[in-house]
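Worksheet: the structure to be examined is printed underneath.
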Amino acid sequence: MKQCTHADALPHPEPGPLSETCPECLAEGMDPVQLRLCLSCGHVGCCDSSPGRHAARHHTESGHPVMRTHEPGETWRWCFVDHVLV
């Protein structure tokens, strides 16, 4: 089973969210679907089910590897590099 090779390098404590919603969606006049929090810098982006896919775009542009859900009651994390739940 493949494992994430990036989780151990994440900052502790994890960064707080830089915004309450996806700022790129707001700027583009879209409604975000399912928010994600970058665990390297705190960027909030929308998920791949959202038209903008801003969380994935943030990973592509920044290289930050791991995000977590930013939805109430959820705690899972995803590594974009290793393509695994953390």
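The values are calculated or read from the model by the stated rules, or taken from the named source; none is laboratory data. What you see is a predicted model; the values in this text were computed from it and never measured. A quick note on method: Cβ atoms are made from the backbone with ideal geometry, for glycine too, and the neighbour counts reach across all protein chains shown. These area figures cover heavy atoms from the full protein model, side chains too; ligands, DNA and RNA do not enter into them. Shrake-Rupley method; radii C 1.70, N 1.55, O 1.52, S 1.80 Å.
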Which is of a type outside the set (Asp, Glu), in contact with a Ser or Thr (Cβ under 6 Å, 6 or more places away or on another chain) and open to solvent by less than 50 Å² (accessible area, probe 1.4 Å), of 44, 33? 44
Could you check how many residues of the range 45-84 are touching a residue at least 60 places away in the same chain (Cβ under 8 Å) and among the hydrophobic types (A, V, I, L, M, F, W, C)? 4
Picking from 27, 56, 9, the residue that is open to solvent by less than 40 Å² (accessible area, probe 1.4 Å) and of a type outside the set (Lys, Arg) would be 56
Taking the range 11-44, which residues are touching a His at 6+ places or on another chain (Cβ under 7 Å) and either basic (Lys, Arg) or without any contact (Cβ under 8 Å) to a residue 40 or more places away in the chain (or both)? 18, 22, 24, 25, 35, 36, 37, 38, 40, 41, 43, 44
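Which is over 22 Å from residue 84 (Cβ atoms), in contact with a strand residue (DSSP E or B) (Cβ under 8 Å, 6 or more places away or on another chain) and not polar (S, T, N, Q), of 51, 15, 65, 32?
On the way: 51 fails: in contact with a strand residue (DSSP E or B) (Cβ under 8 Å, 6 or more places away or on another chain); 15 fails: over 22 Å from residue 84 (Cβ atoms); 65 fails: over 22 Å from residue 84 (Cβ atoms).
Sole residue among the options that is over 22 Å from residue 84 (Cβ atoms), in contact with a strand residue (DSSP E or B) (Cβ under 8 Å, 6 or more places away or on another chain) and not polar (S, T, N, Q): 32.
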